[in-house]
Amino acid sequence: MLPRDGHLLRIFIGERDRHEGVALYEWIVRRARARGLAGTTVLRGIEGFGARSHMHKASILALSGDLPIVIEIVDARDKLEAFLAEIDPAIPDGLATLEKVEVLLFRADSGG
């Protein structure tokens, strides 16, 4: 069950970031699922920069870039804070934000 007064955790990392031999965003999503969080979405940016002001941009000439990745997770604040504390050591460079959201719909089709 997801409370109506939920929270959104956003984690900003790079596409090339890795942990335990896999892409860091994949590792985070797997960990979130294993912890029973309500849901996770990974978004791949086309351009951005972070704390070092290094530009990351999608280009037709670059086959393997380091594009921005945003991981969004919605759940209860206490669950998200505990989750972030758990995964924090695996994030060498990045940003995490937490904001209050109103959950209007959260359901799964129970049909076959």
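Would you mention how many residues in region 1-25 are surrounded by 14 or more Cβ atoms within 10 Å (Cβ to Cβ) and free of Cβ contacts under 8 Å to residues at least 12 places away in the same chain?
2
Spot the failing condition for Lys57; the list is (1) more than 22 Å from Trp27 (Cα to Cα); (2) basic (Lys, Arg); (3) modelled with pLDDT of 80 or more; (4) surrounded by 12 or more Cβ atoms within 10 Å (Cβ to Cβ), and only one is missed.
(3)
Residue by residue through region 60-112, note down the ones that are surrounded by 10 or more Cβ atoms within 10 Å (Cβ to Cβ), at pLDDT below 95 and small (Gly, Ala, Ser).
Selection gives Ala62, Gly65, Gly94.
The values are calculated or read from the model by the stated rules, or taken from the named source; none is laboratory data. In this text, all values refer to a predicted model and were calculated from it rather than measured experimentally. Heads up, the Cβs are rebuilt from the backbone with ideal geometry, glycines too, and the neighbour counts pull from every protein chain shown.
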